[in-house]
Amino acid sequence: MAACVSEATIAFRLPPFAFPAMNIIGTGVDIVETARIAGSLERHGDRFLARVFLDGERAYCARMSRPEQCYAARFAAKEAVSKAFGTGIGASLGWLDIEVRRKASGEPFVVLHGEGAKTAARLGITELRLSLSHSDHYAVAHALALGA
């Protein structure tokens with residue numbers, strides 16, 4: 001039996017011009033064990049934090065009851081963004097080139113700095129979408145790099 005689409009389904013579809021045309025340049029996902037980040041904090045402390053997180057990220061996470069969860073989510077976000085770029089973390093996109101912030105609504109977003117901003121321009125990336133989640137033991141992030 002062939003599948004059919006009901007009239008109600010057809011009526012719900014939006015015309016193609018309803019959304020601006022955006023191309024997916026890349027997508028990335030990463031999962032981090034919270035214990036791994038807690039161990040890095042114990043072993044390396046401020047040296048680890050200064051190498052991976054910007055001042056605003058450190059200030060935000062320090063206010064949390066479980067800062068290791070917050071840091072793990074941001075670490076995963078930076079890895080996911082690097083995967084969406086297709087570069088990984090390195091010369092063209094460093095840890096401190098990627099900053100994770102929050103809107104008043106709580107939605108996370110990415111601000112690119114230095115080589116990260118230059119690499120995004122070179123790759124045609126005009127927008128990054130980010131989703132974060134965490135549990136007691138894991139943090140996960142998904143990043144979507146979009147361009148015109």
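Rank the residues 89, 31 as a footprinting-exposure proxy: fewest other Cβ atoms within 10 Å of their Cβ go first. Don't jump to the answer; show the numbers that get you there.
On the way: 89 17, 31 14.
Placing the least packed residue first, the sequence is 31, 89.
Angle, helix 114-123 long axis vs. longest principal axis of the chain, Cα atoms, 0 to 90°, nearest 10? Rounded to the nearest ten degrees, it is 20.
In deg cm²/dmol, rounded to 500, what helix-only [θ] at 222 nm does the chain give when every DSSP H run of at least 4 residues adds -39500 (n - 2.57) and the total is split over its residues?
Working: 5 runs with 62 residues, N = 148.
Taking each H run of at least 4 residues, the total per residue is -13000 deg cm²/dmol.
Only one of the listed values, (i) 61, 36, 32; (ii) 58, 40, 31; (iii) 59, 45, 27, was derived from the coordinates as Cα extents along the principal axes in Å; which label is it? From the options (i) 61, 36, 32; (ii) 58, 40, 31; (iii) 59, 45, 27, the structure gives (i). Taking a sphere under 11 Å around the Cβ of residue 96 and counting the other residues whose Cβ falls inside, with K and R at +1 and D and E at -1, yields a net charge of -3.
With neighbour counts taken as other beta-carbon atoms within 10 Å, the residues 97, 30, 55 rank, fewest first, as 55, 30, 97.
Most exposed first by the Cβ proxy, i.e. fewest other Cβ within 10 Å, how do 70, 61 rank? Don't jump to the answer; show the numbers that get you there.
Numbers: 70 24, 61 21.
With the fewest neighbours first, 70, 61 line up as 61, 70.
Partner lysines whose Cα lies under 23 Å from the Cα of residue 118, excluding those fewer than 8 positions away in the same chain, are identified as 78, 83.
Local charge sum around residue 71 (other residues, Cβ-Cβ under 13 Å, Lys/Arg +1, Asp/Glu -1)? Show your work: numbers first, answer last.
Working: positive: 36, 51, 58, 63, 66, 74, 78; negative: 33, 42, 46, 57, 68, 79.
Taking every other residue near residue 71 into account, the sum is +1.
Summing +1 for each Lys or Arg and -1 for each Asp or Glu, what net charge is found among the other residues whose Cβ lies under 9 Å from the Cβ of residue 57? Net charge around residue 57: +1.
Angle of helix 34-52 to the longest C-alpha principal axis of the chain, folded into 0 to 90 degrees and rounded to 10: 70°.
Every number in this text was worked out from the coordinates using simple rules, so none of it is lab data. Being a predicted model, the structure only gives us computed values, none of them experimental. All Cβ positions, glycine included, derive from the backbone under ideal geometry; neighbour counts span all protein chains shown.
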